[in-house]
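Participant: There's a structure below that I have some questions on.
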Amino acid sequence: MTAYNGFYLVGNYPDFELFTEALREGLRYFDFAEIGIPFSDPVADGPVIATAADAVLKAGFKWEKLLESVQKVRQSADSHKKLYWMSYANILYHHGLQNFIERSKEVGIDGIIVPDIPFVESEELKKLCHQHRMDYIHFATPENTDEQIKRIASAAQGFLYFVSIRGVTGSRLLVDDETARKIQLAKEYSPVPVILGFGIRDKKTVERALQLADGFIAGTALVKALGTGEMDNFTSLCKQLTGN
Amino acid sequence: MRRPSRKGYFGNYGGRFVAETLINALDELNQAYESFRENQDYQQKLKTLLSHYAGRPTPIYFARRLSKKISVNLYLKREDLLHTGAHKLNNTLGQILLTQYMGKKRVIAETGAGQHGVATATVAALLGLECDIYMGEVDIERQAPNVKRMELLGARVIPVKTGSRTLKDAVNEALKDWVRNVQSTHYLIGSVVGPHPFPWMVRDFQSVIGKESRRQFRKMTGALPDYAVACVGGGSNALGLFSGFMNDPSVKCIGVEAGGRALTPGDHAATVTLGKKGVLHGSLSLLLQDEEGQVSPVHSVSAGLDYPGVGPEHSHLHETKKAEYYHCSDESALQACQTLARWEGIIPALESSHALGYILDHQSRYKDKDVLINLSGRGDKDLAIIIREVL
Ligand SMILES: Cc1ncc(COP(=O)(O)O)c(C=O)c1O
């Protein structure tokens, strides 16, 4: 099976134009994009992504404007490539769960990833996603018991996001044997690819991730590269990570 | 008072909105707490510490001179007399014993004013556990003496440089620490906020305030108060007091929030009054936020009320009209602090001054009524602010 890989960008970072360009560019190398809707209190994020989100917020972020850029990219991108939102529960509750899902569907978003909505709180949102034929992405972690992993993996749609480390985005990738075993277990039960996120930043970590899982998501390293303002830096890192 | 639902909801509010990584730790905590509540040994230990170490029961004092001056019968529940100077210790003593019961060796906590940080450092020293306190850089500057107190007690104070560098951000960083160290560490939350079971557990530990108050008040007056009033930051001292009177329909519970400089965004912390349903720090509750769903900056002269969220049970009590919520401005709170100092010889914390300030602002509404105010803490920690603002 060929790897199924994704990349993460902070919505409208470093600005509207560069973000849109990077989203297009990234989709040439990766199978899906994770688009972060900036939130003031990003508890799952390390300093690089949190600082980027903060910069976007200070510049007067509007979700409506981000919807526009996403719609533009969607219209020109390969229809097999998927676009996911990644944001925090309050953003969704604020816009109203139903309204949030409907607006997202309209601009061509394929699914949502919400790190502070665990499996036990996901019912209502999952139902809404189903109704609108969008993927609700589940997380699995080394802390989950085997039973939980089986249950979560069996219910997975789109892909299963395996958070391989205890920490925030941008932390170092360290996978112990027990975690490797749990990733394997998730793969057995998941009807969709099991993807490792958090800590994937270079060739070495990509190799490690692909030994363990069906694919990876790279975030912090790419956000940092794009933060230099040079598309070339971003593109060459995309190439390096995907081996193209 | 009612327990939350199995999933941790008080009506429409509560839950566990945290990373999947923490779910099992919360389950484990929930189970440990259920068994801790039934464990006679530990309950006895807690009782002994509350009386011999902390100084419970705290008295109710009838403020005779001030009552006469304003024609309201003012009774003060003296949590300011508790060891470390605020109600916070009721909760930290409970949770530190629970930490020991669970076999964990390290505690972390967030603090704004430094009161919860001091109360946590205190109990960590008492049991010899490792203790790290997250505190925003802005608060470290505003509350320097409390930082030194924590250090003296053997805790490490970790400056938080993210976001607004205040209480909200200290909670964020403590949550991140907990995700990293969930196997060894207990997160000792300081108010009735956070994911289930915290709001329920912290209320339980603070309910000693309400239990004592009801008994003491009846003994003193032969009746129950007409009103039970407390300030609301996260809402722990208020729920502690309210819990004693929830089954008494004749007693009206009133929560007083920080009205700040004005009721414009960024100038206050009146969450129940002006917030919208949202998710912060692990629970669905009312939340001060802007039109994009970003958490609003807040302001209060008292660091302990300077918080954009509120415990989910308060949102529920508000929605079901089981309690009423009002606000008191910075100015009225500072005024109330001076009034109590001059008329009764008690310097209240600026947080607690909000509860009193609300009554002083509306004294005609409470004319000749029996009003029980939770004096949640003493004002020594606020001296620098009081000097700057009024003296
Ligand atoms: C004396 C005092 N009262 C009240 C509060 C507010 O907290 P809560 O609303 O949880 O009682 C604080 C918090 O620091 C405090 O120090």
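The values are calculated or read from the model by the stated rules, or taken from the named source; none is laboratory data. Remember, predicted model here, so these are calculated numbers, not experimental data. When we count neighbours, we look across all protein chains shown, and the Cβ atoms used for this are built from the backbone with ideal geometry, even at glycine. Note: areas computed on protein heavy atoms with side chains; ligands, DNA, RNA excluded. Shrake-Rupley method; radii C 1.70, N 1.55, O 1.52, S 1.80 Å.
Participant: Exactly one of these conditions fails for A:Pro47: (1) in contact with a Ser or Thr (Cβ under 8 Å, 6 or more places away or on another chain); (2) away from chain B (no Cβ under 12 Å). Give me its number.
Facilitator: It is condition (2) that A:Pro47 fails.
Participant: Test B:Val301 against the stated conditions and say whether it is within 15 Å of the ligand (Cβ to nearest atom), β-branched (Val, Ile, Thr), closer than 17 Å to B:Ala86 by Cβ and crowded, with 19+ Cβ neighbours inside 10 Å. Please lay out each step first, then the result.
Facilitator: On the way: within 15 Å of the ligand (Cβ to nearest atom): yes; β-branched (Val, Ile, Thr): yes; closer than 17 Å to B:Ala86 by Cβ: yes; crowded, with 19+ Cβ neighbours inside 10 Å: yes.
Taking the combined requirement at face value, the residue satisfies it.
Participant: Which ones in region B:113-144 are within 16 Å of the ligand (Cβ to nearest atom) and either part of a loop (DSSP other than H, G, I, E, B) or at positive phi (or both)?
Facilitator: B:Ala113, B:Gly114, B:Gln143
Participant: Tell me yes or no: at least one residue of region B:220-230 is within 14 Å of another protein chain (Cβ to nearest Cβ), free of Cβ contacts under 8 Å to residues at least 60 places away in the same chain and either in a helix (DSSP H, G or I) or open to solvent by 10 Å² or more (accessible area, probe 1.4 Å) (or both).
Facilitator: No: region B:220-230 contains no residue that is within 14 Å of another protein chain (Cβ to nearest Cβ), free of Cβ contacts under 8 Å to residues at least 60 places away in the same chain and either in a helix (DSSP H, G or I) or open to solvent by 10 Å² or more (accessible area, probe 1.4 Å) (or both).
Participant: Look through region A:99-120, keep the residues that are within 14 Å of chain B (Cβ to nearest Cβ) and open to solvent by 20 Å² or more (accessible area, probe 1.4 Å), and return whichever of them is nearest to the chain's Cα centre (by Cα).
Facilitator: Ranking the qualifying residues of region A:99-120, first place goes to A:Phe119.
Participant: Something else: Quick one: how many residues across region B:113-151 are open to solvent by 50 Å² or more (accessible area, probe 1.4 Å) and acidic (Asp, Glu)?
Facilitator: So the count comes out to 4.
Participant: While we're here: Pull up region B:240-256, narrow it to residues that are in a strand (DSSP E or B) and open to solvent by less than 20 Å² (accessible area, probe 1.4 Å), then point me to the one that is nearest to the other protein chains (Cβ to nearest Cβ). Lay out the reasoning, then the answer.
Facilitator: Going through region B:240-256, the residues in a strand (DSSP E or B) turn out to be B:252-256.
Imposing the further condition that a residue be open to solvent by less than 20 Å² (accessible area, probe 1.4 Å) reduces the set to B:253-256.
Values: B:Cys253: 27, B:Ile254: 28, B:Gly255: 23, B:Val256: 25 Å.
Only one residue tops the list, namely B:Gly255.
Participant: Would you check if B:Val298 is assigned to a strand (DSSP E or B), of a type in the set (Val, Ile, Thr) and touching a helix residue (DSSP H, G or I) at 6+ places or on another chain (Cβ under 9 Å)?
Facilitator: The answer is no for B:Val298.
Participant: Return only the number of the condition from (1) among the hydrophobic types (A, V, I, L, M, F, W, C); (2) over 20 Å from A:Val192 (Cβ atoms); (3) open to solvent by less than 10 Å² (accessible area, probe 1.4 Å) that A:Phe32 does not satisfy.
Facilitator: A:Phe32 satisfies all of (1) among the hydrophobic types (A, V, I, L, M, F, W, C); (2) over 20 Å from A:Val192 (Cβ atoms); (3) open to solvent by less than 10 Å² (accessible area, probe 1.4 Å) except (2).
Participant: Among B:Val301, B:Val295, which is the only one that is under 20 Å from B:Thr111 (Cα atoms), of a type in the set (A, V, I, L, M, F, W, C), out of contact with any Gly (no Cβ under 7 Å at 6 or more places or on another chain) and more than 14 Å from chain A (Cβ to nearest Cβ)? Before the answer, list the steps.
Facilitator: Numbers: B:Val295 fails: more than 14 Å from chain A (Cβ to nearest Cβ).
The match here is B:Val301.
Participant: Filter region B:72-112 down to residues that are away from the ligand (no atom under 16 Å from the Cβ) and β-branched (Val, Ile, Thr) and give me whichever is farthest from the other protein chains (Cβ to nearest Cβ).
Facilitator: In this case the residue turns out to be B:Val72.
Participant: To continue, here is another question. Select from region B:348-391 the residues that are more than 19 Å from B:Leu89 (Cα to Cα) and of a type in the set (Val, Ile, Thr) and write down the one among them that is surrounded by the fewest Cβ atoms within 10 Å (Cβ to Cβ).
Facilitator: Restricting to residues being more than 19 Å from B:Leu89 (Cα to Cα) and of a type in the set (Val, Ile, Thr), the top hit is B:Ile387.
Participant: Yes or no: region B:257-272 includes at least one residue that is more than 14 Å from chain A (Cβ to nearest Cβ), of a type in the set (Asp, Glu) and open to solvent by less than 30 Å² (accessible area, probe 1.4 Å).
Facilitator: Looking through region B:257-272, at least one residue is more than 14 Å from chain A (Cβ to nearest Cβ), of a type in the set (Asp, Glu) and open to solvent by less than 30 Å² (accessible area, probe 1.4 Å).
Participant: Right, here's the next one. Name the residue, out of B:Ser315, B:Ser285, B:Ser329, B:Ser353, that is of a type outside the set (D, E, K, R), farther than 29 Å from B:His196 by Cα and either within 16 Å of the ligand (Cβ to nearest atom) or within 14 Å of another protein chain (Cβ to nearest Cβ) (or both).
Facilitator: Unique residue meeting the criteria: B:Ser353.
Participant: Being within 16 Å of the ligand (Cβ to nearest atom) and more than 14 Å from every other protein chain (Cβ to nearest Cβ): is that true of B:Gly275 here?
Facilitator: On the way: within 16 Å of the ligand (Cβ to nearest atom): yes; more than 14 Å from every other protein chain (Cβ to nearest Cβ): no.
Taking the combined requirement at face value, the residue does not satisfy it.
Per-residue answers, yes or no, for (1) of a type outside the set (Ser, Thr, Tyr); (2) over 21 Å from A:Thr2 (Cβ atoms):
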| site | (1), (2) |
| --- | --- |
| A:Val206 | yes, no |
| A:Asp214 | yes, no |
| A:Ile217 | yes, no |
| A:Thr220 | no, yes |
| A:Asp232 | yes, yes |
| A:Lys239 | yes, no |
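Participant: In addition: Out of all the residues in region A:37-56, is one or more farther than 13 Å from A:Ser87 by Cβ, in contact with a helix residue (DSSP H, G or I) (Cβ under 7 Å, 6 or more places away or on another chain) and hydroxyl-bearing (Ser, Thr, Tyr)?
Facilitator: no
Participant: Return the total of residues in region B:186-213 being in a loop (DSSP other than H, G, I, E, B) and open to solvent by less than 10 Å² (accessible area, probe 1.4 Å). Talk me through it step by step, then tell me what you get.
Facilitator: Residues of region B:186-213 that are in a loop (DSSP other than H, G, I, E, B), as a first pass: B:188-197.
Cutting the leftovers down to open to solvent by less than 10 Å² (accessible area, probe 1.4 Å) gives us B:188-190, B:192, B:194-195, B:197.
Going through region B:186-213 one residue at a time, the tally reaches 7.
Participant: Return the residues of region A:58-98 that are within 14 Å of chain B (Cβ to nearest Cβ) and in contact with a Ser or Thr (Cβ under 7 Å, 6 or more places away or on another chain); say none if nothing qualifies.
Facilitator: The one that is within 14 Å of chain B (Cβ to nearest Cβ) and in contact with a Ser or Thr (Cβ under 7 Å, 6 or more places away or on another chain): A:Trp85.
Participant: When region B:230-260 is examined, which residues are found to be near the ligand (Cβ under 9 Å from one of its atoms) and among the aliphatic types (A, V, I, L, M)?
Facilitator: B:Ala230, B:Val232, B:Ala238, B:Leu239
Participant: Being within 13 Å of another protein chain (Cβ to nearest Cβ), more than 13 Å from the ligand (Cβ to nearest atom) and either at pLDDT 95 or above or open to solvent by 10 Å² or more (accessible area, probe 1.4 Å) (or both) is the requirement here; does B:Gln216 meet it?
Facilitator: On the way: within 13 Å of another protein chain (Cβ to nearest Cβ): no; more than 13 Å from the ligand (Cβ to nearest atom): yes; either at pLDDT 95 or above or open to solvent by 10 Å² or more (accessible area, probe 1.4 Å) (or both): yes.
The answer is no for B:Gln216.
Participant: Sticking with this structure for a sec: Could you check region B:164-181 and list, in sequence order, the residues that are in contact with a helix residue (DSSP H, G or I) (Cβ under 8 Å, 6 or more places away or on another chain), more than 21 Å from A:Lys58 (Cβ to Cβ) and surrounded by fewer than 23 Cβ atoms within 10 Å (Cβ to Cβ)?
Facilitator: Selection gives B:Trp178 alone.
Participant: Scan (1) assigned to a strand (DSSP E or B); (2) within 30 Å of B:Val279 (Cα to Cα) for the single condition B:Leu372 breaks and write down its number.
Facilitator: (2)
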